[in-house]
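Reading through the structure tokens given below for one structure.
The values are calculated or read from the model by the stated rules, or taken from the named source; none is laboratory data. Because the structure is a prediction, the values reported are computed rather than measured. Positions of Cβ are generated from backbone atoms using ideal geometry, with glycine treated the same way; all protein chains shown enter the neighbour counts. Remember, those area values only see protein heavy atoms, side chains included, never the ligands or the DNA or RNA. Shrake-Rupley method; radii C 1.70, N 1.55, O 1.52, S 1.80 Å.
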Amino acid sequence: FTTHTLGMTVRSSREVSQVCAGTSTNCSGGSIQGTQEARFTTQVTLPAGCDSYTISYTECDRNNAITNLTNGGSFSLYVETRLNTNLAPCNSSPQFSNLPVLYSCQNQLAQFNHGFFDPDGDSLVFNLTNPRTTNNVNMNFVSGLSATNPLLLQTGTTFQFDPTNGQMTFSPEANRIQV
């Protein structure tokens with residue numbers, strides 16, 4: 001197991017908040033919570049003799065206003081993917097057809113799907129996992145919540161997740177930032 005750290009270059013950055021036209025978010029000097037998308041690029045030559053790789057990214061700026069994780073803003077955001085070049089040589093990665101940004105309203109039914117698709121036509125399966133702060137270190141949800149029940153919901157409703165397409169359906173109990 002070898003670890004390499006790579007420098008990445010920000011190629012573009014833009015606000016992707018899904019708010020009403022003319023509304024200013026905190027990304028542009030307003031007071032409403034906003035979301036920015038940054039695209040990073042780098043080129044990597046994978047060493048010969050390996051067939052399995054874990055690629056990860058850590059960002060120290062998890063939002064302080066998160067309400068469904070215990071001290072969410074005190075921890076890093078961690079994302080990882082695994083690549084096996086023997087199982088899928090020259091294979092494309094799944095793509096998003098929707099922005100991975102969700103704004104939902106209190107006590108209103110919300111349905112969200114990232115719109116994943118695979119350019120090669122491979123089948124995709126989805127699951128919910130614990131958010132992580134670093135490799136193999138899970139974050140703690142507030143009491144009563146979990147990876148499969150991750151949001152504070154309107155009384156009498158449930159969080160529904162479809163593993164065949166990643167569709168999430170829920171009614172949030174309040175306007176809060178939840179991950």
Quiz prompt | Residues (closer than 24 Å to F96 by Cβ and either exposed (fewer than 10 other Cβ atoms within 10 Å of the Cβ) or without any contact (Cβ under 8 Å) to a residue 60 or more places away in the chain (or both)) located in the stretch 36-45 | solution = Q36, A38, R39, F40, T41, T42, Q43, V44
Quiz item: If you take the residues of the stretch 118-138 that are part of a loop (DSSP other than H, G, I, E, B), open to solvent by 70 Å² or more (accessible area, probe 1.4 Å) and not aliphatic (A, V, I, L, M), which of them is nearest to C90 (Cα to Cα)?
Solution: D120
Quiz item: Only one of (1) among the polar types (S, T, N, Q); (2) at pLDDT 85 or above; (3) in contact with a Leu (Cβ under 7 Å, 6 or more places away or on another chain) is not met by S74, so which one is it?
Solution: (3)
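Residues checked against (1) closer than 22 Å to G34 by Cα; (2) in contact with a His (Cβ under 9 Å, 6 or more places away or on another chain); (3) of a type in the set (F, W, Y):
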| position | (1), (2), (3) |
| --- | --- |
| N68 | yes, no, no |
| V79 | yes, no, no |
| L83 | no, no, no |
| H114 | yes, no, no |
| P119 | no, no, no |
| S123 | no, no, no |
| F141 | no, no, yes |
| Q167 | no, no, no |
Quiz item: So which residues in the stretch 3-12 are of a type in the set (S, T, Y), at pLDDT 80 or above and open to solvent by 70 Å² or more (accessible area, probe 1.4 Å)?
Solution: none
Quiz item: Which of the residues spanning the stretch 131-179 are of a type in the set (V, I, T), under 16 Å from H114 (Cα atoms), modelled with pLDDT of 85 or more and in contact with a strand residue (DSSP E or B) (Cβ under 9 Å, 6 or more places away or on another chain)?
Solution: T169
Exercise. Could you list all residues from the stretch 139-173 that are of a type in the set (G, A, S) and surrounded by fewer than 17 Cβ atoms within 10 Å (Cβ to Cβ)?
Key: S143, G144, S146, A147, G156
Self-check item: Number of positions in the stretch 16-32 that are over 21 Å from the mean Cα position of the chain (by Cα), modelled with pLDDT of 85 or more and open to solvent by less than 70 Å² (accessible area, probe 1.4 Å)
Solution: 2
Quiz item: So how many residues does the stretch 94-117 have that are of a type outside the set (A, V, I, L, M), surrounded by 11 or more Cβ atoms within 10 Å (Cβ to Cβ), more than 24 Å from R62 (Cβ to Cβ) and over 18 Å from the mean Cα position of the chain (by Cα)?
Solution: 1
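One line per residue, one yes/no per condition, for (1) in a loop (DSSP other than H, G, I, E, B); (2) at positive phi; (3) surrounded by 12 or more Cβ atoms within 10 Å (Cβ to Cβ); (4) in contact (Cβ under 8 Å) with a residue 12 or more places away in the chain:
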position	(1), (2), (3), (4)
R14	no, no, no, yes
G34	yes, no, yes, yes
Y78	no, no, yes, yes
R82	no, no, no, yes
S92	yes, no, no, yes
Quiz item: Within the stretch 60-68, is there a residue that is within 28 Å of A147 (Cβ to Cβ), open to solvent by 80 Å² or more (accessible area, probe 1.4 Å), part of a strand (DSSP E or B) and touching a residue at least 12 places away in the same chain (Cβ under 8 Å)?
Solution: no
